[in-house]
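Visitor: There's a structure below that I have some questions on.
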Amino acid sequence: MSYTLKINKESFKFSAAHFAIFGPHSAERMHGHNYYVSFNIQIEQLDPSLGMSIELNELKPILQAICTQLDEYILLPEKSPFLKLTPVNNNIEVTFNEKFYSFPVEDVQLLPLLNISIEELSRLIHKQAICALKDFSQIKSIAVEVQETKGQTCLFEQRV
């Protein structure tokens with residue numbers, strides 16, 4: 001027997017700019033999304049004296065903080081073999097194929113990813129959720145769904 005807590009608050013969102021890379025010579029133009037994040041948390045047992053598993057008000061601020069750290073940034077994948085990222089003074093210079101960008105450091109989040117895709121973002125947010133919720137021993141698995149636009153989502157799930 002198990003229970004799945006679905007936590008999908010309006011505030012679990014972030015707005016960010018990115019461009020997906022399709023290979024050494026092909027990428028999207030820089031653009032932005034209002035990403036929405038949902039968390040499915042699987043519990044196998046309830047507290048027998050309370051008839052509940054976890055106080056959701058304990059989880060929500062933790063999950064909100066994960067979303068907030070990505071909000072209003074330009075997201076760049078620091079593990080991409082196709083990007084050259086160079087810090088210059090207070091900027092990050094980015095070279096991709098024939099394109100060159102320069103962004104203020106304070107506007108950029110360098111992420112330990114190969115690409116800024118919903119697949120990579122859902123896996124990253126999942127990893128952060130696992131770390132942030134490690135003290136909740138009753139959690140057996142967490143699934144994270146990232147929606148970049150209506151009808152385009154990715155669900156990443158892994159047992160704790």
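Visitor: So Leu63 fits all but one of (1) aliphatic (A, V, I, L, M); (2) touching a Leu at 6+ places or on another chain (Cβ under 7 Å); (3) at pLDDT below 95; what number is the exception?
Guide: (2)
Visitor: Scan region 106-154 residue by residue and report those that are in a strand (DSSP E or B), without any contact (Cβ under 8 Å) to a residue 40 or more places away in the chain and not polar (S, T, N, Q).
Guide: Listed by number, the residues that qualify are Val108, Leu110, Leu111, Cys154.
Visitor: Restricting to region 40-62, count the residues that are within 22 Å of Glu157 (Cβ to Cβ) and loosely packed, with under 12 Cβ neighbours inside 10 Å.
Guide: Final tally of qualifying residues: 2.
Visitor: Taking Glu119 as the residue in question, decide whether it is within 20 Å of Leu63 (Cβ to Cβ), crowded, with 20+ Cβ neighbours inside 10 Å and at pLDDT 95 or above.
Guide: Taking the combined requirement at face value, the residue does not satisfy it.
Visitor: Look at region 34-51 and say how many of its residues are under 24 Å from Cys67 (Cβ atoms) and either in contact with a Leu (Cβ under 6 Å, 6 or more places away or on another chain) or not in a strand (DSSP E or B) (or both).
Guide: Adding up the residues that qualify gives 2.
Visitor: Please list, ordered by first then second residue, the pairs with beta carbon atoms under 9 Å, 6 or more apart or interchain, first in region 77-90 and among the aromatic types (Phe, Trp, Tyr), second assigned to a strand (DSSP E or B).
Guide: Pairs found: Phe82/Ile21; Phe82/Gly23; Phe82/Ala27; Phe82/Phe96.
Visitor: State whether the residues of region 52-69 include one that is within 18 Å of Glu119 (Cα to Cα), hydrophobic (A, V, I, L, M, F, W, C), in contact with a Phe, Trp or Tyr (Cβ under 9 Å, 6 or more places away or on another chain) and in contact (Cβ under 8 Å) with a residue 12 or more places away in the chain.
Guide: Looking for residues that are within 18 Å of Glu119 (Cα to Cα), hydrophobic (A, V, I, L, M, F, W, C), in contact with a Phe, Trp or Tyr (Cβ under 9 Å, 6 or more places away or on another chain) and in contact (Cβ under 8 Å) with a residue 12 or more places away in the chain, one finds at least one in region 52-69, hence yes.
Visitor: Could you count how many residues in region 5-33 are loosely packed, with under 12 Cβ neighbours inside 10 Å and either in contact (Cβ under 8 Å) with a residue 60 or more places away in the chain or assigned to a strand (DSSP E or B) (or both)?
Guide: 7
The values are calculated or read from the model by the stated rules, or taken from the named source; none is laboratory data. Treat the numbers as computed from the prediction; the structure is a model and nothing was measured. In this analysis, Cβ positions are derived from the backbone assuming ideal geometry, glycine residues included, and neighbour counts consider all displayed protein chains.
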